[in-house]
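Asks: Before I ask anything, here is the structure I am working with.
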Amino acid sequence: PPGAAEFSPSLDSDFTFTLPAGRKECFYQPMRKEASLELEYQVLDGAGLDVDFHLLSPKGETLVFDERKSDGVHTVETEDGDYMFCFDNTFSTISEKVIFFELILDNMGEDGQDQEDWKKYVTGTDL
C-alpha cells in the first residue's frame, strides 16, 4: 500500500518522518512467533505535539491505541505475521507533525543473527 515501509529483521531501527495535516501513515513489521516487538515514538514538532497511534496484530486486532499523545512506549509478544502500526494526524487540519520512532526486536531467531554476519567481512576503515 502507498506510504508503507518494511524494516529488516535487525535488532534496532529508527526513523523520523513528517506527517502532513489530515494524513495517516502506516508501517509494517514482519515478526516471528514468541519474539518481542518494542516500539517507542515521540512527536518532535507540530502544534499540540500530539498524534493518534495504532498497533495492530497480524489478525487485524487492535493491540494499542493512543489518542492524541506526544509519546509512547509499547512492547508486545508476537506471533508469526505482519504487525501494522499507524500514526494518525487526520484530526489536524493545519499542522503537520514531525515524528520519531524506534523499533527494538528481540528473539528474532536465526535471521536476526544473519543480519550481523556481514560485520566479519568488513575491517578497518571500511567499517
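Asks: Restricting to lysine pairs 8 or more places apart or on different chains, what number in the stretch 11-109 have Cα atoms under 19 Å apart?
Replies: 4
Asks: On to the next question. Of 45, 52, which has the most accessible area and how do the rest follow, probe 1.4 Å?
Replies: I get 45, 52, largest accessible area first.
Asks: Do any GluC sites (Glu not before Pro) in the stretch 40-108 lie in a loop, going by DSSP, with at most 14 other beta-carbon atoms within 10 Å of their beta carbon, and if so which?
Replies: When the GluC sites (Glu not before Pro) of the stretch 40-108 are filtered for loop state and at most 14 Cβ neighbours within 10 Å, 61, 79 remain.
The values are calculated or read from the model by the stated rules, or taken from the named source; none is laboratory data. In this text the structure is predicted, and so the values were computed from the model without any measurement. Neighbour counts are summed over all protein chains in view; Cβ atoms, including those assigned to glycine, are modelled from backbone coordinates with ideal geometry. These area figures cover heavy atoms from the full protein model, side chains too; ligands, DNA and RNA do not enter into them. Shrake-Rupley method; radii C 1.70, N 1.55, O 1.52, S 1.80 Å.
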